Amino acid sequence: MNTKINSTSRRGFLKGVAVGAGGYALGTLLIHPEEAMGQSIEGYLEKVPMGDRWSAAAGGVIFWQVNFLKTLFAKEGREKYVEYLKKNSPLIGVRGKGFADRFGFTGNDAKSAAAIISATLTVSYGPQHKLEIEATTEKARVKCSNCVFWNAVQAQKINDDLCSVHSQYWWDGFANAINPKLTSTLVKARPLGDSVCEWVIELKA
């Protein structure tokens, strides 16, 4: 599978965003130099509640993720797409553990893992993403009652299953990075016809 094409697309997208933002900033300086140099953004930022800032940033993440996976699926087909996710999603889950460490999230049992993974995911997906947890130290059940990724997929009228394989392997990779004795299994998924997505995290003896 040609992963070089996919990587280049991602870099190109991010480069385009950076160039566009830089061009806008430079244009502002050239057109209105005194106003641009003299005004502060703080007066404007304070008008935007932190939750709205969080939602806006998360929306960009979701937009990119949905379109990246849609393009990957279209280019590679279902079989190679699944192969790609099985290989890479657990590694991305391990990266999630790195973010959790930076945030100061600690714990290594099933209950802690459910909370850590859910919190880390919500940081990326924003406050509209809703996860519910029922847990003991040995076993936890996490249900997603409102998935912003799924909502974005539905808004674009995408019928392909872009997320169930990634959800299985990302969650399992993350759980295993927290504690090698932890496993995570996707037991329900909206793309497979269920009303919610649900994972079971277990601590093996």
**OP:** Name the one entry in GLY51, GLY93, GLY59 that is at pLDDT 95 or above, under 18 Å from the mean Cα position of the chain (by Cα) and among the small types (Gly, Ala, Ser).
**Re:** GLY93
Original post:
Which ones in region 166-181 are under 20 Å from ASN88 (Cβ atoms) and either of a type in the set (Lys, Arg) or buried (at least 20 other Cβ atoms within 10 Å of the Cβ) (or both)?
Top reply: HIS166, SER167, GLN168, TYR169, TRP170, TRP171, ASP172, GLY173, PHE174, ALA175, ALA177, ILE178
Subject >> Breaking point among (1) assigned to a helix (DSSP H, G or I); (2) of a type outside the set (A, V, I, L, M, F, W, C); (3) under 16 Å from the mean Cα position of the chain (by Cα); (4) surrounded by 14 or more Cβ atoms within 10 Å (Cβ to Cβ), for PRO127 >> reply: (1)
Original post:
If you go through region 21-48, how many residues are of a type in the set (A, V, I, L, M), in a helix (DSSP H, G or I) and modelled with pLDDT of 50 or more?
Top reply: 1
Subject >> Within region 103-124, considering residues that are touching a residue at least 60 places away in the same chain (Cβ under 8 Å) and either over 13 Å from the mean Cα position of the chain (by Cα) or at positive phi (or both), the one surrounded by the most Cβ atoms within 10 Å (Cβ to Cβ) >> reply: ALA113
Original post:
Of all the residues that make up region 142-164, how many are farther than 16 Å from ALA119 by Cβ, among the charged types (D, E, K, R) and surrounded by 13 or more Cβ atoms within 10 Å (Cβ to Cβ)?
Top reply: 2
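The values are calculated or read from the model by the stated rules, or taken from the named source; none is laboratory data. Since the structure is predicted, the reported quantities are computational estimates derived from the model, not experimental observations. Positions of Cβ are generated from backbone atoms using ideal geometry, with glycine treated the same way; all protein chains shown enter the neighbour counts.
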